[in-house]
Structures are given as structure tokens and as C-alpha cells.
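The structure under discussion appears below in the form of C-alpha cells.
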Amino acid sequence: MSKLKLATVWLDGCSGCHMSFLDMDERLLELAEVVDVVYSPIVDTKEFPDEVDIALVEGAVASVDDEKKIKKIRDRSKMLIAMGDCAITGNVPSMRNPIGPEAILDRAYIQNASAQAQIPCVVVPKLLRVVRPIHEFVKVDVFLPGCPPSAGTFHTALTALVNGGPLDIPALTRFGA
Amino acid sequence: MSVETDVKTLVIDEQEVSARAGQTILEVARENEINIPTLCHLDGLSDVGACRLCLVEIKGSNKLLPACVATVQEGMEVSTNTERLQKHRRTILELLFAERNHICSVCVSNGHCELQTLGQEQGLTHIRLPYRNPELSVDASHERFTLDHNRCILCTRCVRVCSEIEGAHIWDVMGRGINSLIISDLHQDWGGSACTRCGKCVQVCPTGALFDKSKIGSDHPKYPDFLPYLNLMREAQ
Amino acid sequence: MHTLLTRICNGTGTMDDLALLEDLCSTVKETSLCGLGQTAPNPVLSTLKYFRNEYLEHIVNKRCPAGVCNMEAALEVVA
């Protein structure tokens, strides 16, 4: 059997889900026997590959760039997994939604700036008005809630998905877990 | 036994049970270890049938009845966990999550929250509805407690405990529909209200909307179990 | 419900939105305490029953057969 192609993506989140993923420790070796990590913040590939079997997406959609990325990822992946609360509920990044991006940028880059107060507008992507979970943009196949989902959750869920076994997610994890 | 009791027999989830007349379906179900999810109900407080999570199906009726306020009838056949009910319960919970800003990961009640637990029990892994993200305030004017409207689900347990048990009636509900808001006194700051600082509302709040300022992180379990005991002691007097 | 309908009307709705709209209508109708809640979803349910093809037209072909809806948002997505 050829190995499955696994990609992990980091949108607007804290990378905690990736840390928890790495927390699988020696179980990662077990996983590496059946999957190849083809794209991830922890590997060197710069461009999302054309055909991916499983894409794990961490983080919410907060900018125009995130929106483009998530659509590209959906087009190129067979199975898309929303990993962690940010991807599923918006979580902490979405706390700015009631206030709006202008107020947030003003507080961060003007009011609290000690020197050269200016809102960055070159190179950085424009923020969306509201931060939204990824399933509001694309179809998501599996939801793994948790902040972050534990290493055990990752291991059980990925093992079940790779082998096509049964998977009872609410028994493993919950929002904020 | 000299006192004659009116006994009703009925069927809940294919289990034959007997009950006293006037008991609610919920009471009888719990006595027989049949779990019906609830949110606005709390042992020791009056019932309002507001959260709609305890809805059950009655054979022969198309209408769903809230188990916390519906009383038992002779020969009733009740189903508490059909596919239809599960679907409605999930949608109701999704509506609650989407209505205000519930961010479990940063909430004082993370791990002790009845809304969060119910979401998990009912198998919610995501909220299909678009989030409303309303702009709501936090009232931290009280010296001991805080009210965070972002986490409030308007179950009115705090209103009832303050009025029925403490007898102070500091809390009430203002506005209607999605604009409803829990207020203290006549919409004054909690700190400046006639609050007796007993803290019962904090203990009965199912989410992190009412919390104790002295607790940090998510170390905030709540203990509403004192209510039935308190009522029993008062009745005995 | 309003958000979902708006999304369908301006052409950015999906088939999932349609299913969700139906779910939501049935929950509100069946679980409401008062008569208002029990009947409020009826107009939406009636149109879903008798004019389903118009909903589908909005979602699939991004077109409003009655010429009432402004579908500019949908055209932007296509362009």
C-alpha cells in the first residue's frame, strides 16, 4: 500500500494544535509508516501540493489570504479535517468580531505603539470584517474540537481515519477541551 | 398507609413506571434513572419550560411536551430520546452557541459548563449556523462577582433563585427575543444594586456568565446542590 | 433564518444552507412554547414546498427567476 499524503495547515490560530499534534511523540513514528507529510509549517514545502489525501487545518479564516488558501486546500484535498476550536468555532481570533478590525488595529498599532505608530498595509493581507470558522467557506469532512485537541485525540482519530475504522469524536473531545 | 395517594402508571422509553399524581415527567424519569437533558431546570427552583431541551414525545400526540412542566397522566407512553428529539436538541444547542459569544477555551467555566457538557453529550462537533457575534457588555462593578453577558443563555435560573430562595429579586429580564438581557435592579450596575451578596445566582448559573472574581483560570466548579436541601430544611421548620 | 435566506437571495447560498434552513424551520415550529413560534416558520416552509425550484435556481444557477433579488454578490464570486 502506498502511503497517504498528509498536509497540515496553519491559518489564524496559535499553532497550539500543531504542538499537540507533535505531542503524539513516539506514536508519530507509527503514523509515519502509513502517511507522508507533504506540506506543513514543520516541513519545507512552500506550495500546497496538487493532490493531498488528508488535510488538517488549524485556525479560523481571518484574512483575504486565509480565504484564498482554504479554497485552494479544499480543491486539492480528498479529506479536509478542521482541527481545533479556531477552525471550528472561530474561538479566540473571533473575539474581535463584535468590535471590528479597525478598532483592533487602532489599539494594537496606534494606541499601544511606542514608536512609528502606523497600521501595516503593505505585504500583509487585508483582514476580513469578521473571523469565521472554515466550514462557513468550504465543506469540512471531519471536525476535531478542542483547544487544543489532545495528542491522544489526534492519535485515535487519525488512526481510525487512515484505517477506515469507526470514529466517535464527541466521546474523545469537546469545545475548549 | 393511611394517606391515600393517587398512583399513575405510565411507560417511559418502554419501561413501565409508577408515579404520584402531579409529578412531572422529568421527576419520574429521573427517579427511574432515565436521563432527559435539561438546562433551565434546576432541582429546588420553579420550572419555566424555557430551554426546550427536555421536550419528549407522547404517543398519540403530535405535539412535543417539555418534561419539566408536563405532569404524568395515566397510561401515557413517553419517548425521551428519539431521532427527532435528538435532532431538535442539537439544533437548539447550536442556536444557543451561535446566539452570543461563547468561547469555551477562555471561559472560567471551561470543563464545568452545562452548555459545553450538553453539547458534547448530544454529539455536537461544530455549529452549522452562522455566529451572530453581538456586542455585549461585562458588568464587573460588584465587589465579589462578575456578570458576562457574552456567556449568558437566558435560562433565568439566577432570576428565579434570587426571587424564590433569597427573596431579594435583584435579577430580572429586560427586552425581548434576541435583545433580552439579564439586569440587576432597574438596569443599574450590579455593584450599586440592592444585592445581598449571597452568591446563590453564581452557583446556579449553568455557564460562566456569572462567576466569582476570586477564581482564576477555569477553576470554577459550581455547586447548585444546596437548593433542594435548603428547601427541605425550610419546609421542616 | 434571516441570514440564511439573505445568503440564498443574494446568490451566495449553498445546498447545505437550504437543508439547514429546513432543519431550523422544523425545530422552531415543533419546539416553540407559544403560538407565534409555532407558526412563524410557516411562510418559509410554504415557499420551500411550493417554490422549491426558485430556491434551487438561486443556489445552483445564481439566477432569480422572478427578477426580484439582487444577485451582484454572486456575480462577484463567479468573476
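Applying a threshold of 6 Å to beta carbon distances and a minimum spacing of six or more residues, or different chains, the list of pairs starting in region A:141-170 at a residue that is more than 9 Å from chain B (Cβ to nearest Cβ) and ending at one that is acidic (Asp, Glu) reads A:Ala151/A:Asp23.
Taking the listed residues A:Pro120, A:Pro98, A:Pro93, the one that is modelled with pLDDT of 95 or more, in a loop (DSSP other than H, G, I, E, B) and either open to solvent by less than 60 Å² (accessible area, probe 1.4 Å) or within 13 Å of chain B (Cβ to nearest Cβ) (or both) is A:Pro98, with no other qualifying. When restricted to residues that are touching a residue at least 24 places away in the same chain (Cβ under 8 Å) and of a type in the set (D, E, K, R), region B:60-90 contains 5. Does region C:6-18 contain at least one residue that is at pLDDT below 95, among the polar types (S, T, N, Q), open to solvent by less than 60 Å² (accessible area, probe 1.4 Å) and over 15 Å from the mean Cα position of the chain (by Cα)? Taking every residue of region C:6-18 in turn, none turns out to be at pLDDT below 95, among the polar types (S, T, N, Q), open to solvent by less than 60 Å² (accessible area, probe 1.4 Å) and over 15 Å from the mean Cα position of the chain (by Cα). Of all the criteria given as (1) in contact (Cβ under 8 Å) with a residue 60 or more places away in the chain; (2) buried (at least 19 other Cβ atoms within 10 Å of the Cβ); (3) closer than 25 Å to A:Lys71 by Cα; (4) within 11 Å of another protein chain (Cβ to nearest Cβ), the one not satisfied by A:Gly176 is (3). Of the residues examined, B:Thr207 is one that is open to solvent by less than 80 Å² (accessible area, probe 1.4 Å), modelled with pLDDT of 95 or more and under 16 Å from B:His149 (Cα atoms). Can you find, within region A:58-70, the residue that is surrounded by the fewest Cβ atoms within 10 Å (Cβ to Cβ) among those that are farther than 13 Å from A:Gly146 by Cα and within 14 Å of chain B (Cβ to nearest Cβ)? The qualifying residue surrounded by the fewest Cβ atoms within 10 Å (Cβ to Cβ) is A:Ala62.
Selection of region B:2-25 for residues being among the aliphatic types (A, V, I, L, M) and open to solvent by 30 Å² or more (accessible area, probe 1.4 Å) yields B:Val3, B:Val7, B:Val11, B:Ala21. Of the helices (runs of 4 or more DSSP H) contained entirely in region B:54-165, those carrying at least 3 residues that are surrounded by fewer than 23 Cβ atoms within 10 Å (Cβ to Cβ), within 14 Å of chain A (Cβ to nearest Cβ) and modelled with pLDDT of 95 or more fall at B:83-99, B:114-121. On the basis of being at pLDDT 95 or above, of a type outside the set (Lys, Arg) and in a helix (DSSP H, G or I), does B:Thr196 make the cut? Taking the combined requirement at face value, the residue does not satisfy it.
Is there a residue being crowded, with 22+ Cβ neighbours inside 10 Å and either part of a loop (DSSP other than H, G, I, E, B) or away from every other protein chain (no Cβ under 14 Å) (or both) anywhere in region A:71-87? Looking for residues that are crowded, with 22+ Cβ neighbours inside 10 Å and either part of a loop (DSSP other than H, G, I, E, B) or away from every other protein chain (no Cβ under 14 Å) (or both), one finds at least one in region A:71-87, hence yes.
When region A:143-167 is filtered for residues that are assigned to a helix (DSSP H, G or I) and touching a Lys or Arg at 6+ places or on another chain (Cβ under 8 Å), the ones remaining, listed by number, are A:Ala151, A:His155. If you check B:Ser18 against the conditions, is it out of contact with any helix residue (DSSP H, G or I) (no Cβ under 9 Å at 6 or more places or on another chain), outside the structural domain of B:Asp212 (by TED's automatic domain parsing) and of a type outside the set (D, E, K, R)? Judged against the criteria, B:Ser18 is not a match. With the condition kept exactly as written, say whether any residue in region A:11-27 is surrounded by fewer than 20 Cβ atoms within 10 Å (Cβ to Cβ) and part of a strand (DSSP E or B). No, region A:11-27 contains no residue that is surrounded by fewer than 20 Cβ atoms within 10 Å (Cβ to Cβ) and part of a strand (DSSP E or B). Every condition in (1) in a loop (DSSP other than H, G, I, E, B); (2) open to solvent by less than 10 Å² (accessible area, probe 1.4 Å) is met by B:Val28 except one, and the failing one is (1).
The values are calculated or read from the model by the stated rules, or taken from the named source; none is laboratory data. Not measured: the values here are computed from a predicted model. Neighbour counts run over all protein chains shown; Cβ positions are idealised from the backbone, glycine included. Accessible surface areas use protein heavy atoms only, side chains included; no ligands, DNA or RNA. Shrake-Rupley method; radii C 1.70, N 1.55, O 1.52, S 1.80 Å.
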